[in-house]
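What follows is one structure encoded as structure tokens, with my remarks underneath.
Rule-based calculations on the coordinates, nothing more; no lab input. The structure presented is a predicted model; accordingly, all values stated were derived computationally and were not measured. A quick note on method: Cβ atoms are made from the backbone with ideal geometry, for glycine too, and the neighbour counts reach across all protein chains shown.
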Amino acid sequence: MTTTTVELTGVSHWYGNVVAVNDITLTVGAGVTGLLGPNGAGKTTVLHMMAGFLPPSQGEVRLGGHPSWRNPEIYRQLGLVTERESMPGFLTAWEFVLASAKLHRLADPRQAASRALDIVELGESQHRRISTYSKGMRQRARVAAALVHDPAVLLLDEPFNGMDPRQRLHMMDLLHQMSEEGRTILFSSHILEEVEQLSGTVQVIVAGRLAASGDYRHIRRLMTNRPHVFTIQSSDDRLLATVLMRQESVSGVELEPAGIQVRANDYGTFTRALAKVARDEHVRLIGLQPADESLERVFSYLVAT
């Protein structure tokens, strides 16, 4: 599959006097990317501009090199699941997804609808009315409708809403599979564990601005204003702790039952110094684990700044 990118260049959007998105420039390419931000940060506005539902008040939004606004042709490449659930309960899932296939004018809409329902594991219950579905089943029916035309780009706003743990795992496996096929997938979620499991690549929006973009581990290492915390296990923790306290890059050392906890001012300087110190003191390093490099910690730092 040819990779289709989504690009925002100097994009702003305002509702009257309220600025929802302020001068955002970003590119989302092949693979799975998480869109993060506090409530009201502008995530849904960004997704709606990407999908052509809203015009940018300023700047350009392009999908596959073409403008998203007032360009129905982009929907041949785009699948969208919005956060707001709006489905006609009197229809069956089969009728709902088949209608989507027909709207896309697919050559064989019935086959496409059947395939999409099987992908989300709704084949056995496809002829039940949507009004009888659980929230997780309704969500999967919406995903099937977004996938029915085999799009190159998927925009998903809180796609795991209402799904039970097994359904979540299945959906994560599906998104991984589609990303490996070259699709561009951008999804928002307020559950950071989901984002961490699905993708290390994030776009973080805070107060309408792009606060960070890229691999969250790399983002953490660039935060020079926050000490880096490491847990180290070695053949002689006491000796290693004593020597590390003399290093300029180290701001604190604590001996704990699980090993040494070290606070370092600079990630690169410390990791290079650690290897040299261990070699000079004939101490064998058994384990080195960043203790504050989780997505949750990175997100909390970005929101607090």
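The modelled label-to-label distance between LYS135 and ARG238, using points 7 Å beyond Cα along the C-beta direction, is 5.5 nm.
If you take the Cα centroid of region 138-177 and the Cα centroid of region 199-216, the two points sit 22 Å apart. Working note: Karplus 6.51/-1.76/1.60 with θ = phi - 60° gives region 259-271 the couplings x, 9, 9, 10, 9, 10, 7, 9, 4, x, 4, 5, 5 Hz, where Gly and Pro are set to x. Rounded to the nearest 500, the 222 nm mean residue ellipticity of the chain from helices alone is -10000 deg cm²/dmol, with -39,500 (n - 2.57) taken per DSSP H run of at least 4 residues.
List the chymotrypsin sites (Phe, Trp or Tyr not before Pro) within region 64-146 that fall in a DSSP loop (any state other than H, G, I, E or B) and whose Cβ has at most 14 other Cβ atoms within 10 Å.
Within region 64-146, the qualifying chymotrypsin sites (Phe, Trp or Tyr not before Pro) (loop, at most 14 other Cβ atoms within 10 Å) are PHE90.
With 0.36 nm allotted per residue and the present C-alpha distance subtracted, the ARG284-GLU296 stretch has 1.2 nm of extension available.
Here region 207-261 yields Rg over Rh of 1.14, to two decimals, using C-alpha coordinates and the Kirkwood radius.
Dividing the convex hull volume of the Cα atoms of the chain by its residue count, what figure in Å³ per residue is obtained?
Details: hull volume 48.5 nm³, N = 305.
Hull volume over Cα atoms, normalised by residue count, gives 159 Å³.
For the pair region 271-299 and region 1-76, the centres of their Cα atoms are 39 angstrom apart. Annotation: for a label point projected 7 angstrom from Cα along Cα→Cβ of ARG70, residues of region 38-54 with backbone N closer than 19 Å are 48-54. Sorted ascending by nearby beta carbons within 10 Å, beginning with the fewest, ASP173, ASP237 become ASP173, ASP237. Seen against the Cα atoms of the chain and their longest principal axis, helix 165-180 is set at about 90 degrees. Computed over all pairs of different Cα atoms, the Kirkwood value for the hydrodynamic radius of region 223-304 is 13.0 Å. Scan region 69-128 for trypsin sites (Lys or Arg not before Pro) in coil per DSSP, keeping those whose Cβ has at most 11 other Cβ atoms within 10 Å, and list them by number. Here the trypsin sites (Lys or Arg not before Pro) that fit, given the DSSP loop and packing criteria, are ARG70, ARG84, ARG105. Between ARG209 and ILE191, the contour length at 0.36 nm per residue exceeds the alpha carbon distance by 4.4 nm.
Here the Karplus curve 6.51 cos²θ - 1.76 cosθ + 1.60, taken at θ = phi - 60°, turns the phi angles of region 56-62 into couplings of x, 5, 7, x, 10, 10, 10 Hz, with x standing for Gly and Pro.
In whole percent, what relative contact order does the chain give with Cα contacts below 8 Å and a gap of six or more residues?
Details: 586 pairs, mean separation 59.1, N = 305.
Result for the chain is 19 percent.
Percent of Cα pairs in region 89-177 per distance bin of 5 Å, from zero to the largest separation: 3, 16, 27, 26, 19, 8, 1, 0.
Backbone phi angles across region 41-51, fed through the Karplus curve with coefficients 6.51, -1.76 and 1.60 (θ = phi - 60°), yield HN-Hα couplings of 6, x, 4, 5, 4, 4, 4, 5, 5, 4, 7 Hz in residue order; Gly and Pro are listed as x. Taking amide H atoms as placed 1.01 Å from N in the peptide plane, the amide H of ASP236 lies under 5 Å from those of ARG284, each 5 or more residues away in sequence or on another chain.
Subtracting the Cα-Cα distance of VAL18 and THR5 from their residue separation scaled by 0.36 nm leaves 1.8 nm. Rounded to the nearest 20, the size of the Cβ-charge dipole of region 146-305 about its Cα centre is 600 debye, with Lys and Arg at +1 and Asp and Glu at -1.
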